[in-house]
Amino acid sequence: MDEITWNSWYHRIMDDLGFDKQKDLESTQVLNNLLEKHDNKYDINNLEDIIHNREIYVFGAGPSINKHTTKFNDLKNLENDNKDKINNKDKINNKDKINNKDKINKGYIVISADGATKALLEDNIRPDIIITDLDGHMNEIIECSEKGTVIVVHAHGDNTENVKKYLSQLKNVIGSSQVPDVSKFENIINYGGFTDGDRCIFLANEFKPSKIILCGMDFGTKVTSYSRPNLKNKIENADEIKIKKLKYAEELTNWLIEHGNCNIEFMN
């Protein structure tokens, strides 16, 4: 999404929700300054190599996420079994051909929205990229960071303290913000999106994948404990602000389905 288009979205959403735009700028500056000294930033240019022309699975933390992590594993196991059969047949015909599962698995990339990471790890799926505003299950996000996952840390008006607290514990970090003009910040990106979930889709779209498949992206009026760790129950009714955020996430996703760089579809 270009800056002019995002500028319109941003001000409409922020005004509707009553959020402080100045605090967004202040938090963005804090993140940018901390990244100046960070020992393990990730080169944004490498994202094109990761994403371009690949299938991207984006996992949000909606009520369908457990069903979708199970289906994802089933699909990938079946796909790899079929490719193994082809490779084994090729090995019989060509002794020099090597069955390389790493190359098979690089045909797709998993991007996780913040707390959805916990659900993915529960099903033995480690995301390649996580987008987080640092209010999800941080132990799991730090664990993935240690194992090589790219962590896109997002700064906004009410998470400045978490940026200060957690950034030093994360590796492979890219800085992100929702302020429209990030050109003044050397270490910050903004490709569009207002919640962690739709930001994942906008990030993927930027680098022209072959397809984006949305998993656990339910929008609606329910929230899970993957998204809100302090919930007493696994699924609860969302509060008024969260419902508005989910509505905007849906609007932005629908905009990108119409205007994006590739086909975007929902996992059944």
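Take region 191-221 and flag every residue that is open to solvent by 10 Å² or more (accessible area, probe 1.4 Å), closer than 17 Å to Glu265 by Cβ and acidic (Asp, Glu). Across region 191-221, the qualifying residue is only Asp218. Looking across region 55-85, not a single residue is part of a strand (DSSP E or B) and either touching an Asp or Glu at 6+ places or on another chain (Cβ under 6 Å) or farther than 23 Å from Arg199 by Cα (or both).
Evaluate the following for Ile44: is it surrounded by 12 or more Cβ atoms within 10 Å (Cβ to Cβ), in a loop (DSSP other than H, G, I, E, B) and not charged (D, E, K, R)? Here the answer is yes, as Ile44 does meet what is asked. Restricting attention to region 172-185, the residues being of a type outside the set (A, V, I, L, M), surrounded by fewer than 24 Cβ atoms within 10 Å (Cβ to Cβ) and modelled with pLDDT of 95 or more number 3.
Every residue, every condition in (1) under 30 Å from Lys244 (Cβ atoms); (2) in contact with a Pro (Cβ under 8 Å, 6 or more places away or on another chain); (3) polar (S, T, N, Q); (4) assigned to a helix (DSSP H, G or I), yes or no:
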residue	(1), (2), (3), (4)
Ile4	yes, no, no, yes
Trp9	yes, no, no, yes
Asp16	yes, no, no, yes
Thr28	yes, no, yes, yes
Asp49	no, no, no, yes
Asn53	no, yes, yes, no
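At least 2 residues being within 15 Å of the chain's Cα centre (by Cα) is the threshold, and among the helices (runs of 4 or more DSSP H) wholly inside region 154-268 those reaching it are 196-206, 240-259. Counting only residues that are touching a residue at least 60 places away in the same chain (Cβ under 8 Å) and not in a loop (DSSP other than H, G, I, E, B), which one in region 129-150 is nearest to Leu231 (Cα to Cα)? Per the criteria, the residue is Thr132. The condition (being modelled with pLDDT of 95 or more and loosely packed, with under 15 Cβ neighbours inside 10 Å) is satisfied by just one residue among Lys245, Lys165: Lys165. Output the residues belonging to region 216-268 that are in contact with a helix residue (DSSP H, G or I) (Cβ under 6 Å, 6 or more places away or on another chain) and of a type in the set (Val, Ile, Thr). Correct list: Thr221, Val223, Thr253, Ile264.
Tallying residues that are more than 17 Å from Leu47 (Cα to Cα), assigned to a helix (DSSP H, G or I) and either among the polar types (S, T, N, Q) or at pLDDT 50 or above (or both) within region 98-116 yields 1.
Pairs linking a residue in region 1-27 that is closer than 11 Å to His156 by Cβ to a residue that is of a type in the set (A, V, I, L, M, F, W, C) and not in a loop (DSSP other than H, G, I, E, B), with Cβ atoms under 6 Å and 6 or more positions apart or on different chains, are Lys21/Met14; Ser27/Ala155. Among the numbered conditions (1) surrounded by 22 or more Cβ atoms within 10 Å (Cβ to Cβ); (2) part of a loop (DSSP other than H, G, I, E, B), the only one that Arg126 does not meet is (1).
The values are calculated or read from the model by the stated rules, or taken from the named source; none is laboratory data. Since the structure is predicted, the reported quantities are computational estimates derived from the model, not experimental observations. Every residue, glycine as well, gets a Cβ built from its backbone with ideal geometry; the counts of neighbours run over all protein chains shown. Surface accessibility is based on the protein's heavy atoms, side chains included, excluding ligands, DNA and RNA. Shrake-Rupley method; radii C 1.70, N 1.55, O 1.52, S 1.80 Å.
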